[in-house]
Amino acid sequence: MKLDRIIETGIAVLMCAFVGTLYLSLHDNVVKAGDRAPDFSIKADNGQTITARDFGGKLLILNFWATWCPPCINEVPSLGKLQQTLGSQGVVVFGVSEDQDAQAYKDFLAKYQVPFLTVRDPSKEIKQKYGTQQIPETYLINRDGKVVEKVVSDADWSSERMIEHVKSLL
């Protein structure tokens, strides 16, 4: 009788541990406005290591994209114009591509002369830290490292309305 109770308790504890582990492994960490931006570190193709701390004191426009994504391709020129327009005021655009093909990525950057910092993250490690499910997806992260806005899908970052909106976050 006592042994049965011990076995039942042991099974119950194991089931709770199993369900908790399963929940945590399936539960996505989705970053939203108001959250602290997750830290990251990535080695760029040129060998430079880039971390979230490198953007401290600036408004970071963190864009997840890929060369094979039509909405991403449409968005790249306007992100470039945003960087050129507001870069001197403390705005930095940083693109994180999930491209697997390094040569396709390099060819894209050369063809479109992408004027903002971008890295290739084929493991999607940074994307996973943010809980990003689709691309393009962009996070506006203030000088204190907090996400102030998340934009899902492509946007016209060079429009007068968007430039004024971004300026208001400085």
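The figures follow:
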read-out	value
Residue in the stretch 77-94 that is modelled with pLDDT of 95 or more, of a type in the set (Phe, Trp, Tyr) and either touching a helix residue (DSSP H, G or I) at 6+ places or on another chain (Cβ under 8 Å) or closer than 17 Å to residue 33 by Cα (or both) present	yes
Sole residue being surrounded by fewer than 13 Cβ atoms within 10 Å (Cβ to Cβ), in contact (Cβ under 8 Å) with a residue 12 or more places away in the chain and not aliphatic (A, V, I, L, M), chosen from 153, 123, 159	153
Residue match in the stretch 39-58 (condition: under 16 Å from residue 135 (Cα atoms) and in contact with a helix residue (DSSP H, G or I) (Cβ under 7 Å, 6 or more places away or on another chain))	no
Close pairs (9 angstrom Cβ cut-off, 6 or more residues apart or separate chains): under 21 Å from residue 110 (Cβ atoms) in the stretch 36-47, polar (S, T, N, Q) and surrounded by 12 or more Cβ atoms within 10 Å (Cβ to Cβ) anywhere	44/118
Residue match in the stretch 115-122 (condition: over 17 Å from the mean Cα position of the chain (by Cα) and either within 17 Å of residue 52 (Cβ to Cβ) or in the same structural domain as residue 38 (by TED's automatic domain parsing) (or both))	yes
Criterion violated by residue 137 - all others in (1) in contact (Cβ under 8 Å) with a residue 24 or more places away in the chain; (2) over 15 Å from residue 83 (Cβ atoms); (3) charged (D, E, K, R); (4) surrounded by fewer than 16 Cβ atoms within 10 Å (Cβ to Cβ) satisfied	(4)
Which numbered condition residue 128 misses (of (1) under 14 Å from the mean Cα position of the chain (by Cα); (2) over 17 Å from residue 33 (Cα atoms))	(2)
Which listed residue, of 116, 94, is surrounded by fewer than 21 Cβ atoms within 10 Å (Cβ to Cβ) and free of Cβ contacts under 8 Å to residues at least 60 places away in the same chain	116
Test: residue 76 is in the same structural domain as residue 109 (by TED's automatic domain parsing) and within 14 Å of the chain's Cα centre (by Cα)	no
Failed item, numbered, when residue 148 is tested on (1) without any contact (Cβ under 8 Å) to a residue 60 or more places away in the chain; (2) within 19 Å of the chain's Cα centre (by Cα)	(1)
Qualifying position, being surrounded by fewer than 16 Cβ atoms within 10 Å (Cβ to Cβ) and touching a strand residue (DSSP E or B) at 6+ places or on another chain (Cβ under 8 Å), among 66, 110, 102	102
Residues satisfying the stated conditions in the stretch 71-122, i.e. among the basic types (Lys, Arg) and either outside any strand (DSSP E or B) or more than 15 Å from residue 135 (Cβ to Cβ) (or both)	81, 106, 111
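The values are calculated or read from the model by the stated rules, or taken from the named source; none is laboratory data. Quick caveat, the model's predicted, so the values are computed rather than measured. Don't worry about glycine lacking a Cβ; one is built from the backbone with ideal geometry, like all the others, and counts go over all protein chains shown.
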